[in-house]
Amino acid sequence: MILQCNYEELGALRQGAEAVLGASGADPCGVAAPPVGRARVEALVPQLEGDVSIGTLAMQHEVEEAVRAIAACLRAEMEARVVAAHPADESAVSAYFDYAHALAVLRRVEEMGQHMAALIEIVTGTPPTEALAASFAFPD
């Protein structure tokens with residue numbers, strides 16, 4: 001399956017990923033991502049050049065975890081900028097849009113996972129197990 005992302009969403013996800021991974025300095029977003037979340041973000045970064053191909057429900061879970069960590073980081077950045085200046089400050093507004101774009105992608109990833117799980121259940125007659133989540137392929 002294809003997770004379609006527009007230019008602004010990809011830019012927000014890349015910026016959030018850099019913040020999660022600490023590319024721009026120490027503790028840039030105020031959110032300590034768990035090691036697994038950081039690893040998921042690292043794995044997602046190379047895919048943030050265009051639409052993201054998600055072939056299994058297990059892959060969807062990994063992408064969702066990465067985008068969730070990115071959105072949490074961008075939310076923390078937005079809140080910090082609002083408090084540091086004021087809600088209409090240019091950096092606060094920019095941070096809001098980055099967070100909003102990441103949140104929109106997160107919602108689509110969650111919906112994709114729900115649809116993938118439902119389809120696995122329809123085809124197999126049972127809820128998805130870990131093994132099915134990893135092996136049941138969804139074509140692009």
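Structural remarks
- Residues in the range 80-91 that are within 30 Å of Asp51 (Cβ to Cβ) and surrounded by 16 or more Cβ atoms within 10 Å (Cβ to Cβ): Arg81 only.
- In the range 115-130, the residues that are under 12 Å from Thr56 (Cβ atoms) and either without any contact (Cβ under 8 Å) to a residue 24 or more places away in the chain or touching a strand residue (DSSP E or B) at 6+ places or on another chain (Cβ under 6 Å) (or both): Leu119
- Only one of Val63, Val67, Val52 that is touching a helix residue (DSSP H, G or I) at 6+ places or on another chain (Cβ under 8 Å), hydrophobic (A, V, I, L, M, F, W, C) and in contact (Cβ under 8 Å) with a residue 60 or more places away in the chain: Val63
- From Val63, Val123, Val109, residue being in a helix (DSSP H, G or I), of a type in the set (Val, Ile, Thr) and more than 17 Å from Val41 (Cα to Cα): Val123
- Residues of the range 35-44 that are surrounded by fewer than 17 Cβ atoms within 10 Å (Cβ to Cβ) and either under 18 Å from Ala102 (Cβ atoms) or at pLDDT 95 or above (or both): Glu42, Ala43.
- Candidate set from the range 55-71 (those that are of a type in the set (Val, Ile, Thr) and closer than 17 Å to Ala104 by Cα); member that is surrounded by the fewest Cβ atoms within 10 Å (Cβ to Cβ): Val63
Matching residues to (1) within 15 Å of the chain's Cα centre (by Cα); (2) under 26 Å from Ala19 (Cα atoms); (3) at pLDDT below 95:
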site: Met59; (1), (2), (3): yes, yes, no
site: Ala80; (1), (2), (3): no, yes, yes
site: His115; (1), (2), (3): no, no, no
site: Ala134; (1), (2), (3): no, no, no
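- Residue in the range 72-85 that is in a loop (DSSP other than H, G, I, E, B), within 20 Å of Leu10 (Cβ to Cβ) and either touching a residue at least 12 places away in the same chain (Cβ under 8 Å) or among the β-branched types (Val, Ile, Thr) (or both) present: no
The values are calculated or read from the model by the stated rules, or taken from the named source; none is laboratory data. Because the structure is a prediction, the values reported are computed rather than measured. Counting neighbours? That spans all protein chains shown, and the Cβs are built from the backbone with ideal geometry, glycine included.
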